[in-house]
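**Q** Attaching a single structure in structure tokens format; questions to follow.
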Amino acid sequence: MPDAATLALFCAAALALLVVPGPAVLYVVTQSVDHGRRAGLVSVLGVSTGGLVHVAAAALGLSSLLLSSATAFEVVNYAGAAYLVFLGVRRLLDKGGDTGTAGVERSSRDLFRRGVLVQILNPKTALFFFALLPQFVDTDGAPVALQLLLLGGVFLVLALVSDGAYAFAAGTLAERLRGSRAFEGVQRWLSGTVLVGLGALAARSRP
């Protein structure tokens, strides 16, 4: 178990990184804007579940395998980029019929699944766990895998709170603006463009 000082330093480092929006946060925000707070929170749960996969991979040493292989990195990277572009194009072509509370009821499982895939297909998350977590591991203490699981769990709890705050804020703002013709006209294009842009940026990432 890491001591209190190490755990506090890890939490501070994790929060410093979490508050900077990345692909997962921007995905959550776009879903919150499109479908409301509940959809955003469902997306957060999906992203967090995808994060569990990366935590387990880090503990098992799979992250180092992914990052040491340029081919493996590119396969995951391009798959994630293609998925983000797919979601963006789908949103751009959508006429807004699935927005609103009824749409959320019908698509909660879909939103959760998409959140899981967005996070799993994000090699930058694997890079984060591979680069940051080992810095706080005590090689003379408990088994390394156990420490990595613990630190990864702490990070996911912090991410759940941080991403949830983004979802709540974005969903609340969107609900206040909903009904405005100007907002409805911009909403679809903004969400779709953000997702396509994220996919394009992800495709240019390098290990």
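Nothing in this text is a laboratory measurement; each read-out follows from the coordinates by a stated rule. Not measured: the values here are computed from a predicted model. Here Cβ is always computed from backbone atoms with ideal geometry, including for glycine, and neighbour counts include all displayed protein chains.
**Q** How do Asp140, Asp163, Asp110 rank when sorted from fewest to most other Cβ atoms within 10 Å of their own Cβ?
**A** Numbers: Asp140 5, Asp163 26, Asp110 14.
In increasing order of surrounding Cβ atoms, one gets Asp140, Asp110, Asp163.
**Q** Can you run phi through the Karplus equation (6.51, -1.76, 1.60; θ = phi - 60°) for segment 155-163 and list ³J(HN,Hα) in whole Hz, with x for Gly and Pro?
**A** 4, 5, 5, 5, 5, 4, 5, 5, 5
**Q** Turning to a different aspect of this structure: Convert each backbone phi in segment 26-39 into a coupling constant with the Karplus relation 6.51 cos²θ - 1.76 cosθ + 1.60 (shift: θ = phi - 60°), then list the ³J(HN,Hα) values in order as whole Hz, x for Gly and Pro.
**A** For segment 26-39, the Karplus-derived couplings read 5, 5, 4, 5, 5, 5, 5, 5, 6, 10, x, 4, 4, 4 Hz, x marking Gly and Pro.
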